[in-house]
Amino acid sequence: MIWDTHAHLDDPLYSEDFEEVAARMKSAGISRVTNVGCDLPSSERSVQLAQEYDFIYAAIGIHPHYAKGATDETWAKLLLLAKQPKVLAWGEIGLDYYRDLSPRSIQKQIFIQQIMLANEAGLPIVIHERDAHQAVLEIVKAHPPKSGGVFHCYSGSWEMAKVLMNLGFYLSFAGPVTYKNARQTVEVAGHAPIDRILVETDSPYLTPEPRRGKRNEPTYVREIVKKIAEIKNLPFEDAALQTMRNAEIIFNTRHKV
Ligand SMILES: [Zn+2]
């Protein structure tokens with residue numbers, strides 16, 4: 001039983017062999033996947049996938065890359081999607097100062113607006129952040145998510161992780177924790193309490209070792225569990241079960257699914 005808490009299975013890279021990807025993941029013990037939206041069409045597609053497949057759950061939201069395209073109509077549609085069954089989180093939202101595809105002032109404004117919408121909808125948030133550690137911290141301190149949140153593909157410092165956990169965040173680890181240069185991320189995973197850790201693939205991106213560079217898929221979340229188990233000196237099954245339980249808590253599935 002493993003929960004891949006962040007994937008994009010609506011990506012066209014799976015259009016040829018989606019059923020095979022799903023079958024492989026089932027036989028590998030991956031029992032749940034959260035499919036995460038980045039814009040309105042992928043959020044709608046995430047909800048649709050959650051309706052079609054029992055193992056898929058949805059997160060909906062506007063990624064900072066697409067912040068500049070959001071309008072009042074976008075929010076109205078997302079609020080309706082948020083009420084659909086199996087929609088567990090609002091995301092991915094945040095700041096991306098690495099690619100800067102939307103102006104930073106708009107990224108900030110849209111991020112704050114979505115934290116408030118998530119609060120209104122009663123959903124935890126899923127944060128995407130690149131090269132914007134400080135700015136994200138300032139925003140979540142000033143506008144704390146009421147239902148907590150997940151920091152996706154965590155790459156920040158241990159100092160920042162402590163602040164985030166105090167605000168109710170879970171730290172989600174992806175492929176980069178398996179990379180050779182991942183010293184800081186491994187250190188954070190080592191310090192973080194096991195009951196605050198989630199695992200994810202971010203499929204089709206961020207493929208873990210030993211397949212780095214190829215297309216990712218939920219089956220490979222096993223590599224992340226393996227790494228967390230190794231860092232924490234736990235049996236694989238314990239790391240799998242604990243991260244699954246953590247996901248059940250932050251995504252509040254006992255009441256909703
Ligand atoms: Zn993602």
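Taken together, the values in this text are just the output of simple stated rules run on the coordinates, not laboratory data. These numbers were taken from a predicted model, which means no experiment stands behind them. With ideal geometry, Cβ positions are generated from the backbone for all residues, glycine too; neighbour counts draw on all protein chains shown.
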Would you mind checking the pairs K162/K232; K26/K232; K77/K146; K68/K141; K68/K226 and listing those with alpha carbons more than 29 angstrom apart? K68/K226
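Arrange the following residues from fewest to most other Cβ atoms within 10 Å of their Cβ: W75, W158, W3. If you can, show how the numbers build up before the last one.
Details: W75 18, W158 13, W3 26.
The most exposed by this proxy come first: W158, W75, W3.
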What order, most packed first, do the peptides 164-171, 141-148 have when packing is the mean number of other Cβ atoms within 10 Å of each residue? 164-171, 141-148
In whole Å, largest first, what are the principal axis extents of the Cα atoms in the stretch 175-248? 30, 26, 17
Would you mind computing the Rg to Rh ratio of the chain from its alpha-carbon coordinates, Kirkwood style for Rh? 0.93
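Which of the helices in the chain meet the span-like rule: DSSP H, Cα axial reach of 24 Å or more, Kyte-Doolittle mean at least -0.5?
On the way: long enough: 104-121 (25 Å, -0.01).
The qualifying helices are 104-121.
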When the charge dipole of the chain is computed with +1 at the Cβ of Lys and Arg and -1 at the Cβ of Asp and Glu, the Cα pointing farthest to the positive end, of M244, P12, I110, is that of M244
Out of Q242, Q134, Q107, any idea which swings most in a Gaussian network model of the chain, alpha carbons joined below 10 Å? Q134
Per DSSP H run of n ≥ 4, the term is -39500 (n - 2.57); total these for the chain, divide by its residue number, and report the mean residue ellipticity at 222 nm rounded to 500 deg cm²/dmol. -13000 deg cm²/dmol
Simple Cβ-charge dipole of the stretch 2-256, Lys/Arg +1 and Asp/Glu -1, about Cα centre, in debye nearest 20: 520
